[in-house]
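What follows is calculated from the coordinates using simple rules that are stated; it is not laboratory data. All figures in this text were calculated on a predicted structure; none of them were measured in a lab. All Cβ positions, even for glycine, are placed from backbone atoms using ideal geometry, and neighbour counts span all protein chains on display.
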Amino acid sequence: MESEYKKLKPKEEKEAYERAHAAVLNETQILWQLSQVFLLANSFLAGFIGTNFIDGKIKDSAGVFALSFIGFIISVLWWLSYTRTSNYYKFRIAQAKQREPKNWKLYKRDGELFSQGIKIEIEGKSYGFGMGKLSSLWIIRILAWVFIIFYCIIGYLYFPRAISVSLFCG
């Protein structure tokens, strides 16, 4: 589908760019708010499991298993939601690049190189992530997977004995 953007007048082009930039800012806010909510839920649940079950205060393996299953579901939903939302973010960035006036370099050249981990020089000063090519978008995915693996390990270790015996021994 061909973009109607190329048919706009200069003033309309600038307005289209401003709208695209506002959409990028909105998607950025949604992306990080979503991550904060899931990180808070996971941290609370993992802390609850750690302080109440693993240190031996409560010896209910079925309860630990149930909580680890809930944590697993929360973490998978986090990963899926984050993946979908980050795709919207990338789409909005692409729209802003398309609508960016020539020679601005905010999204197209400098912004794109910077997001790829390449240092950018502006007026003699060098700017970079300091993380190489590891994007901050990947850090959240890695964190979600750390929680997924944590809950799988806890679920495996605390799989209720009565259920495991009846399932595997008839």
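Which residues does a label at THR83 reach in region 10-37, if reach means a backbone N under 19 Å from a point 7 Å past the Cα toward the Cβ? 31-32, 34-36, by backbone N distance to the label point.
Backbone geometry of region 19-27 corresponds, through the Karplus equation with coefficients 6.51, -1.76 and 1.60 at θ = phi - 60°, to 3J(HN,Hα) couplings of 5, 5, 5, 4, 5, 4, 4, 5, 5 Hz, x marking Gly and Pro. Calculated FRET efficiency, SER115 and PHE159, Cβ-Cβ r, R0 41 Å, to nearest 0.05? For SER115 and PHE159, the calculated efficiency is 0.45. Along its three principal directions, the equivalent ellipsoid of region 78-128 from the Cα gyration tensor extends over semi-axes of 25, 16, 5 Å, largest first. Computed from the C-beta positions of GLU18 and TRP138, the FRET efficiency with R₀ = 30 Å rounds to 0.55.
The convex hull of the Cα atoms of region 9-164, projected and averaged over all directions, covers 11.8 nm².
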